[in-house]
Amino acid sequence: MSIHDPMSRQILEAVPNAVLLVDRQGLIAFANAHALNLFGYTEEELLNQTIETLLPERFHAGHS
């Protein structure tokens with residue numbers, strides 16, 4: 001499954017839960033609309049950020 005494939009994106013957007021895909025560098029590569037709404041970010045704000053962006057700061061050090 002590739003996030004660049006339109007069919008894959010449609011499937012991930014249709015899922016009734018928040019979905020995030022993280023690349024091998026640990027950066028957010030995809031967030032569906034449910035995830036964006038849940039976390040209160042726009043796609044532009046969230047993409048290419050580390051997953052730690054979504055964790056409370058007290059958990060950043062223990063999550064790599």
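The values are calculated or read from the model by the stated rules, or taken from the named source; none is laboratory data. All values derive from a computational prediction rather than experimental measurement. So basically every Cβ, Gly included, is an ideal-geometry build from the backbone, and we count neighbours across all protein chains shown. Note: accessible area is taken over every heavy atom of the protein model, side chains too, but ligands, DNA and RNA are not part of it. Shrake-Rupley method; radii C 1.70, N 1.55, O 1.52, S 1.80 Å.
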_Among the candidates 23, 5, residue that is open to solvent by less than 80 Å² (accessible area, probe 1.4 Å), acidic (Asp, Glu), modelled with pLDDT under 95 and over 12 Å from the mean Cα position of the chain (by Cα)_ = 5
*Can you tell me which residue among 38, 55 is modelled with pLDDT of 95 or more, among the aliphatic types (A, V, I, L, M) and open to solvent by 40 Å² or more (accessible area, probe 1.4 Å)?*
38
*Which residue pairs have Cβ atoms under 9 Å apart, sit 6 or more places apart or on different chains, and have a first residue in the range 42-64 that is in a strand (DSSP E or B) and a second that is open to solvent by 100 Å² or more (accessible area, probe 1.4 Å)?*
50/25
*asked:* Just the residues that are farther than 15 Å from residue 13 by Cα and surrounded by fewer than 13 Cβ atoms within 10 Å (Cβ to Cβ), please, taken from the range 41-52.
replied: 44, 48
